[in-house]
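The values are calculated or read from the model by the stated rules, or taken from the named source; none is laboratory data. Model, not experiment: these values are computed from the prediction. Counting neighbours? That spans all protein chains shown, and the Cβs are built from the backbone with ideal geometry, glycine included.
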Amino acid sequence: MNLLLGQILNGIATGMLYALMGLGLSLITGVLNIPNFAHGALFAIGAYFLVSVVGLLGNFWLGLLVAPIGVALLGLLIEYAGVRRLYAAGHDYQLLFTFGLALILNELIIVIWGPVGISHLPPAILRGGVDLGFTFYPKYRLFVMAMAGLLVVATWLFLEKTRYGAIMRAGIENKEMVSLLGIDIHWLFTVAFALGAYLAGIAGALTAPIRGLSPGMGVDMLGIAFVVVALGGLGNLLGAIAAGLLIGVAQAVVAAYWTEASTAVIFAVMAAVLLVRPQGLFGIR
Amino acid sequence: MRALVLILAAVVLLPFIVRPAIASEIWIFAIFGLGLNLLLGYTGLLSFGQSTFFGSAAYVAGYLLKHYAIGVFAALGIGVAVGAISALLVGYLCVQRSGLYFIMLTFALNQLFYFIAYQWTTVTGGEDGMPGVPRPAMLGIDFRDPVAYYIFVSVLFLLSLWLMKRIVDSPLGKILQGIRENEVRAEAVGYHVPRFKLLAFVIGGAFSGLAGVLYAMLFGIVPLEAIGFVTSGNVVFATLIGGSGSLYGPIIGSFVFIWLSESMSVVWARWPLLLGVAFIVVVLFFRGGVVEAWDRIWRFSKRTT
Amino acid sequence: MALLETHDLSKAFGALTAVNAVSLRVEAGTLHSIIGPNGAGKTTLFNLLTGTFPPSAGRIVFDGSDITGTPAHRIAHLGLARSFQRTNVFPAFSLLDNVWLAAFACSKSWRGLLWRRADRYPEATAQARAALADVGLGEKADQPAREISHGEQRQLELAIALAAAPRVLLLDEPAAGLSPEETRRMVALVRALKGRYTIVLIEHKMDIIMNVSDRISVMHFGSLIAEGTPEEIQRNAEVRRAYLGGVAA
Ligand SMILES: Nc1ncnc2c1ncn2[C@@H]1O[C@H](COP(=O)(O)OP(=O)(O)O)[C@@H](O)[C@H]1O
Ligand SMILES: [Mg+2]
């Protein structure tokens, strides 16, 4: 029983990270109307940036601050130099572009950081665990839960309560309106991509001390981000959280009894949900 | 007619130019591309999960070939069936959504099959792949001889091409193109669009399955990548560079792609990086596919000389 | 006998009731027009009749059987064909292929769907050619739809509906965006079809309506506010207030 409760907590922590990934992807895909197959690679780069920054500066917190910003800048560059030229090109070429980018980033990771997995310790203050009564639980995971929750809330506040957020939501729902309001749509696209990349980057950075790093981590996460968006709906914040928690918890619970199936179960859960609700959890489009 | 002559000439000449194994791979990949293009070019459905059907067929038929010594034709039949059935399952979930959701779903379900293959090591060998897939002799022909196998593959390729031509020239071909052109109108004149999309999926899956079995027998192994996303991406890439607008596009694309990846893989172990660069260069500069690229290079060389 | 009836048919989009308890009877063989200002819910009514989406409430009866909730692709096979207000064709297809697709959909059998050449269906092809000839596009059968003029595209729109050999034609503003000359041609076309089909016609232009209709229903804010012969409608005070204003006075 306690094992199960512990696993559910684990599931909530990873589920929140999945929600972050889905949210970032949702911003990019929704606002720019492109399939972003590089989203997983951005996640992986976030994790590797963290390791390098921590290695250079010896401070986890600085790493957590700087690494995602680096990823956001990378996103900015990708949008500005590449994606921007493809808005009229059709999803097939857009996909090929982002997929090619994913291949390149993935291989660059191997070239720069090596093909072998790296493990990374949480900062000293977050090592060890706390007694929650029913289980002894790692501090770092509690931190991740709080941090991811904070980021989700911040994103929600940004989207719902600020002018820029309102523009961004309008960009998802009705692009014509954005142009009618006299807002430079290119600017909106660039910011949305950078923001989505930031969320992917920070999710990657937060994941590093939990799961360690490996070049394949990006692709695995890409599929998961797709699941979150397919179930939660584009631009649907609550949907992303619900979908993220659903698959995070399902994965953690299954992992306790049948480790081998713990990744496949994410996609199996998605298939099962879609069988019953083809339009996703909240029935959007 | 001219296309047919060209293809026949290519079939005959190819093994004299490249190793028979590579030549076989080109036609196998072309069959795979033909299946995808029914979805991508004709129906307008960008499936990024075709390796699901390719890989599933390769694993199932490969396993039966290895452990139950089934015949070559049985293996082909089983591969086609597995390809079609897996496409039916995946397609059923995907055709209910459209646009970007559709693309993401094909990929996510591809991942489902990938992770099953990855973890089910007792059957698939996991990351090491499933080696030891035989090429049993049939009617006294020893398919272990690369040239004999090449001829076998070529005949199946020509058969596939003929079959696909029949399909795209049939009412079904028209209906699928109608769906690509205008889904709402296709529905309004009386076609159940999701059902037809599903049919396209199943046919495309059958072709992918055939390609998968031939691939497993060609290399004697089913590598894990056979069911991975890179394979799905490669067939999309090949079809697009060949031109998804015509029946023959995937064949040209298969040539270019296999040649490209073969030559890059001898250059550098990290050749997927070069492949990624190639994707981006094509997308940014040669979006019309090889036909347009050829045209541009031609004009450029005329200007410089 | 009424061929097509609706009983208290309603459709709500969120807070907006686009069609509100509409009860309509279309007699077989007549041309029944539906008029009303922009946004009155006329197109939405067609969308309900053709199964584009299900109604929020009410029933649709066609030839004595309840067809409420039947999906669009089945409706076409029952013999209800529609044309769209905004041209909705297959742009890359030739005109013949555009029409052929509709003719084949409703042909008696789909035998050979996967293996017979599409041009080996003489019956569907003949029907398609006849439909093109009916709207005066016989000469342009091999041109791609995206290359013909707007007026011709409106005619093609009509031909696609005709090709299915329907029992009821639902025409949504066939003269939308046409020049006066093109409009005259379209009116002549619709008039020629009268009697051959039961027609439900949505139209904006009063002169057309008053000329060709057997009966007219007037929609306003989703509701039917009047029904009658053209003369009755012209005399109806409420209609004049709500819709006609000074136009037809
Ligand atoms: N799919 C839809 N979703 C939401 N509102 C719609 C939809 N279709 C039509 N409407 C609304 O319903 C009302 C009636 O529209 P419509 O039937 O097109 O009117 P008409 O054809 O009489 O001009 C309009 O206010 C329109 O905005
Ligand atoms: Mg209208």
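So here's what we get for this one:
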{"read-out": "Where a residue in the stretch B:35-48 is surrounded by fewer than 24 Cβ atoms within 10 Å (Cβ to Cβ) and its partner, wherever it lies, is assigned to a helix (DSSP H, G or I) and of a type in the set (Lys, Arg), with Cβ under 6 Å and at least six apart", "value": "B:44/B:180"}
{"read-out": "Flag if residue C:111 is within 16 Å of ligand 2 (Cβ to nearest atom), within 27 Å of residue B:170 (Cβ to Cβ) and not small (Gly, Ala, Ser)", "value": "no"}
{"read-out": "Residues satisfying the stated conditions in the stretch C:10-43, i.e. within 18 Å of residue C:81 (Cβ to Cβ) and either among the basic types (Lys, Arg) or within 15 Å of ligand 2 (Cβ to nearest atom) (or both)", "value": "C:33, C:34, C:42, C:43"}
{"read-out": "Cross-chain or 6+ apart pairs with Cβ under 6 Å, the stretch A:254-267 first and under 16 Å from residue A:211 (Cα atoms), then part of a loop (DSSP other than H, G, I, E, B)", "value": "A:255/A:262"}
{"read-out": "Filter result (free of Cβ contacts under 8 Å to residues at least 24 places away in the same chain and not hydrophobic (A, V, I, L, M, F, W, C)) within the stretch B:136-175", "value": "B:140, B:142, B:144, B:145, B:166, B:169, B:170, B:171, B:174"}
{"read-out": "Candidate set: the stretch A:82-120, residues that are among the aromatic types (Phe, Trp, Tyr) and more than 10 Å from chain B (Cβ to nearest Cβ); chosen: the one farthest from residue A:44 (Cα to Cα)", "value": "A:87"}
{"read-out": "Residue in the stretch C:116-124 that is surrounded by fewer than 16 Cβ atoms within 10 Å (Cβ to Cβ) and within 16 Å of ligand 2 (Cβ to nearest atom) present", "value": "no"}
{"read-out": "Helices (runs of 4 or more DSSP H) enclosed by the stretch B:46-147 - at least 1 residues per element that are within 14 Å of chain A (Cβ to nearest Cβ) and more than 23 Å from residue B:203 (Cα to Cα)", "value": "B:99-119, B:121-124"}
{"read-out": "Unique residue being within 14 Å of another protein chain (Cβ to nearest Cβ), crowded, with 23+ Cβ neighbours inside 10 Å and within 16 Å of ligand 2 (Cβ to nearest atom) when the list is C:154, C:86, C:82", "value": "C:82"}
{"read-out": "Filtered residues of the stretch C:164-207 (kept if part of a helix (DSSP H, G or I) and either within 16 Å of ligand 1 (Cβ to nearest atom) or in contact with a strand residue (DSSP E or B) (Cβ under 6 Å, 6 or more places away or on another chain) (or both))", "value": "C:206"}
{"read-out": "Residue that is surrounded by the most Cβ atoms within 10 Å (Cβ to Cβ) [pool: residues in the stretch A:122-151 that are among the β-branched types (Val, Ile, Thr) and touching a residue at least 40 places away in the same chain (Cβ under 8 Å)]", "value": "A:144"}
{"read-out": "Any hit, the stretch C:163-179, residues being more than 16 Å from ligand 2 (Cβ to nearest atom), more than 25 Å from residue C:45 (Cα to Cα) and either assigned by TED's automatic domain parsing to the domain that holds residue C:36 or at pLDDT below 90 (or both)", "value": "yes"}
{"read-out": "First in the stretch C:160-176 and over 16 Å from residue C:89 (Cα atoms) and in contact (Cβ under 8 Å) with a residue 24 or more places away in the chain, second anywhere and assigned to a loop (DSSP other than H, G, I, E, B) and not aromatic (Phe, Trp, Tyr), Cβ under 6 Å, 6 or more apart", "value": "C:166/C:79; C:167/C:79"}
{"read-out": "For residue B:182: the one exception among (1) in contact (Cβ under 8 Å) with a residue 24 or more places away in the chain; (2) closer than 24 Å to residue C:89 by Cβ; (3) over 21 Å from the mean Cα position of the chain (by Cα)", "value": "(1)"}
{"read-out": "Residue C:143 being within 14 Å of chain B (Cβ to nearest Cβ) and either in contact (Cβ under 8 Å) with a residue 24 or more places away in the chain or within 16 Å of ligand 2 (Cβ to nearest atom) (or both)", "value": "no"}
{"read-out": "Residues of the stretch B:100-139 that turn out to be closer than 22 Å to residue A:219 by Cα and crowded, with 16+ Cβ neighbours inside 10 Å, as a count", "value": "23"}
{"read-out": "Output for the stretch B:71-92, where each listed residue is of a type outside the set (A, V, I, L, M, F, W, C) and more than 16 Å from residue B:59 (Cβ to Cβ)", "value": "B:71, B:91, B:92"}
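Each row is one residue, and each column tells you yes or no for (1) part of a loop (DSSP other than H, G, I, E, B); (2) within 12 Å of ligand 1 (Cβ to nearest atom); (3) among the β-branched types (Val, Ile, Thr).
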| site | (1), (2), (3) |
| --- | --- |
| C:25 | no, no, no |
| C:37 | yes, yes, no |
| C:44 | no, yes, yes |
| C:48 | no, yes, no |
| C:51 | yes, no, no |
| C:69 | yes, no, no |
| C:98 | no, no, no |
| C:102 | no, no, no |
| C:107 | yes, no, no |
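Residue-wise test of (1) at pLDDT 90 or above; (2) at the interface with another protein chain (Cβ under 9 Å from one of its Cβ atoms); (3) surrounded by fewer than 19 Cβ atoms within 10 Å (Cβ to Cβ).
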{"residue": "A:238", "(1), (2), (3)": "no, no, yes"}
{"residue": "A:244", "(1), (2), (3)": "yes, no, no"}
{"residue": "A:249", "(1), (2), (3)": "yes, no, no"}
{"residue": "A:254", "(1), (2), (3)": "yes, no, no"}
{"residue": "A:261", "(1), (2), (3)": "no, yes, yes"}
{"residue": "A:268", "(1), (2), (3)": "yes, yes, yes"}
{"residue": "A:275", "(1), (2), (3)": "no, yes, yes"}
{"residue": "A:280", "(1), (2), (3)": "no, yes, no"}
{"residue": "A:285", "(1), (2), (3)": "no, yes, yes"}
